[in-house]
Amino acid sequence: MAQKYLDPSTALEHLKSYPTRDGLSVEELMDERLHGGLTYNDFLMLPGKIDFGAQEVITETRITRNVVLKTPFLSSPMDTVTEGEMAISMALLGGIGVIHHNQSPAAQAAMVRAVKRHENGFINDPVVFSPTHLVEDVLDVKERLGFSGIPITDTGSLGGKLLGIVTNRDVQFASPATPLSEVMTTDLVTAPEGITLLEANEILRVSKKGKLPLVDKTGRLTSLLARSDLLKNQTYPLASKRPESKQLYAAAAIGTRPHDRDRLALLVEAGLDIVVLDSSQGNSIFQVEMIRWIKATYPKVEVIAGNVVTREQAASLIAAGADGLRVGMGSGSICITQEVMAVGRPQATAVYAVAQFASQFGVPVIADGGIGNVGHIVKALALGAGAVMMGGLLAGTTEAPGEYFYHEGKRVKAYRGMGSIEAMEQGKPVPPSAKVNGVNQKPGHKDSNRQKKEQIHANAATARYFSESSAVKVAQGVSGDVQDKGSVKAFLPYLYAGLQHSFQDMGIKSVDELQSGVKAGSVRFELRTASAQVEGGVHGLNSYTKRLYA
Ligand code: IMP
């Protein structure tokens with residue numbers, strides 16, 4: 001007997017006879033009694049319908065009560081991930097870099113200031129020398145940093161009176177021991193601070209100089225402009241800027257000890273917008289008191305509290321006044337917390353539980369740790385996160401602190417947990433060869449009082465793990481290296497474009513639409529068995545190359 005089929009033209013109509021859509025709702029996915037705690041790799045999103053281009057997708061999200069970014073990307077406050085250069089690049093590209101606090105308050109404040117003062121094209125922390133520096137110092141900078149156009153001020157630093165400039169030509173044939181006072185060019189073309197990039201560009205064009213120092217009314221050096229930078233000058237339409245001042249947003253981490261209040265004062269003076277209270281277990285009386293104090297003392301500074309992974313932890317910090325929450329305990333790529341402490345939570349479950357609770361109070365959450373690819377970012381956003389925070393994924397970029405080196409034939413950069421023994425110990429002494437302005441300082445350069453103060457302040461990594469008073473330091477992180485990822489200026493646009501394509505596959509045009517679709521049950525999920533995970537990865541090939549973007 002011939003089988004009787006339904007009329008194909010009624011397929012869409014027929015769908016309505018099903019009680020639910022294909023796949024699982026978020027509540028079904030996150031039923032812990034059935035599936036336990038989940039990580040990002042344990043599930044997938046089901047596709048929707050494409051009726052728009054990927055470039056139409058808007059990734060704008062709220063990361064704290066009052067800060068909205070065009071892309072949901074944050075970099076971790078770790079000493080191998082975020083210093084000034086990373087923070088500036090992240091903000092230019094639409095995210096935010098949180099400057100770490102495993103350094104002196106003065107050094108951290110200088111990085112905040114550099115972010116706030118950054119204007120695309122102007123170098124606000126140039127290498128500066130004094131007339132008593134030697135030709136060999138210039139040659140050293142040239143070898144390590146690749147340039148030799150260096151302004152000379154009476155103090156040897158930015159803010160000093162501009163006396164001259166040295167360029168490659170000045171030092172080319174001079175003996176290395178010659179003081180710069182004897183070779184520097186004193187016939188200077190300068191520009192007043194505050195001029196626009198366009199005006200500065202014109203001066204450089206007419207003068208045919210390679211570098212243009214900018215000075216204030218009294219002739220003190222305020223920044224520098226390089227012809228080579230102008231030539232490659234890009235625009236950043238997604239840049240994270242304060243709406244009123246148009247300055248880049250600056251964020252930095254601090255601890256919750258009494259002297260962190262002094263640190264915060266310096267950071268606020270430097271222009272800080274967002275402070276991240278950096279603790280691996282955020283639900284402590286210290287943090288609750290710190291949030292209250294900051295909200296009372298600096299009402300304009302947004303406070304991101306954490307880390308938390310449960311509703312109960314989140315409730316304490318929300319009640320204290322947190323403007324955002326950082327979620328994750330044990331999910332980081334360098335992290336051994338779950339193994340050693342037996343405390344933590346699988347990240348997907350943690351993000352969902354905290355975001356669902358916090359959203360009722362208008363407090364956004366940041367999914368921190370365990371982000372290894374674009375798909376993880378999409379899943380974190382679907383589970384309610386306003387943004388993701390990445391350490392390992394960014395540590396191999398040019399803008400992360402540290403130099404590249406070769407390990408087993410691969411070009412790598414060091415990446416270490418802030419709870420690794422190495423990071424906790426490095427917090428203590430500031431080595432005499434510490435770098436200022438990217439230049440090694442000679443021993444005895446710093447006065448000993450300042451150095452002592454820095455030693456007290458800089459021990460931040462131990463505090464994150466409540467280890468400072470323990471006789472034995474128990475590590476919660478490891479130290480290793482990650483592969484070269486090139487510039488964050490290419491890598492972040494890849495993450496952004498990847499996100500847009502993923503949203504397009506789901507038939508979703510914005511983060512808001514994604515999150516309301518998840519709530520309403522129209523965005524669907526699927527659990528992945530162990531073999532489904534194998535199937536979802538590359539398999540069955542003899543060998544292959546994995547290039548992520550071009
Ligand atoms: P990743 O992006 O997976 O590499 O994780 C980065 C995150 O790990 C950071 O933002 C911190 O929340 C967390 N983290 C940093 N250092 C440590 C550590 O030593 N142990 C545990 N977690 C850490």
Q | Failed condition for Lys208, given (1) surrounded by 15 or more Cβ atoms within 10 Å (Cβ to Cβ); (2) at positive phi | A | (1)
Q: Those residues that are of a type in the set (S, T, N, Q) and closer than 18 Å to Glu32 by Cβ, I need them from the stretch 348-376; list them, please.
A: Thr349, Gln356
Q. Can you tell me which residue in the stretch 115-128 is modelled with the highest pLDDT, limited to those that are part of a loop (DSSP other than H, G, I, E, B) and over 17 Å from the mean Cα position of the chain (by Cα)?
A. Val128
Q) Which residues, taken from the stretch 148-188, are in a loop (DSSP other than H, G, I, E, B) and without any contact (Cβ under 8 Å) to a residue 12 or more places away in the chain? A) Gln172, Phe173, Asp187
Q) Out of the stretch 486-521, which residues are more than 17 Å from Arg62 (Cβ to Cβ) and polar (S, T, N, Q)? A) Ser487, Gln500, Ser502, Gln504
Q. What number goes with the only condition from (1) away from the ligand (no atom under 16 Å from the Cβ); (2) farther than 16 Å from Thr64 by Cα; (3) crowded, with 23+ Cβ neighbours inside 10 Å that Ile285 does not pass?
A. (3)
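Take the conditions away from the ligand (no atom under 16 Å from the Cβ), under 15 Å from Glu399 (Cα atoms) and free of Cβ contacts under 8 Å to residues at least 60 places away in the same chain and apply them to Ala114. Does it pass? Talk me through it step by step, then tell me what you get.
Values: away from the ligand (no atom under 16 Å from the Cβ): yes; under 15 Å from Glu399 (Cα atoms): yes; free of Cβ contacts under 8 Å to residues at least 60 places away in the same chain: yes.
Answer is yes for this residue.
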Q: Provide a single number: the residues in the stretch 350-375 that are surrounded by fewer than 21 Cβ atoms within 10 Å (Cβ to Cβ) and closer than 27 Å to Ser420 by Cβ.
A: 2
Q) Restricting attention to the stretch 304-345, which residues are without any contact (Cβ under 8 Å) to a residue 60 or more places away in the chain, surrounded by 18 or more Cβ atoms within 10 Å (Cβ to Cβ) and hydrophobic (A, V, I, L, M, F, W, C)? A) Ala305, Val308, Val309, Ala314, Leu317, Ile318, Ala320, Ala322, Leu325, Val327, Met329
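The values are calculated or read from the model by the stated rules, or taken from the named source; none is laboratory data. If you're wondering where the values come from, they're calculated on a predicted model, not measured in any experiment. Cβ coordinates were reconstructed from backbone atoms using ideal geometry, including for glycine residues, and neighbour counts include every protein chain displayed.
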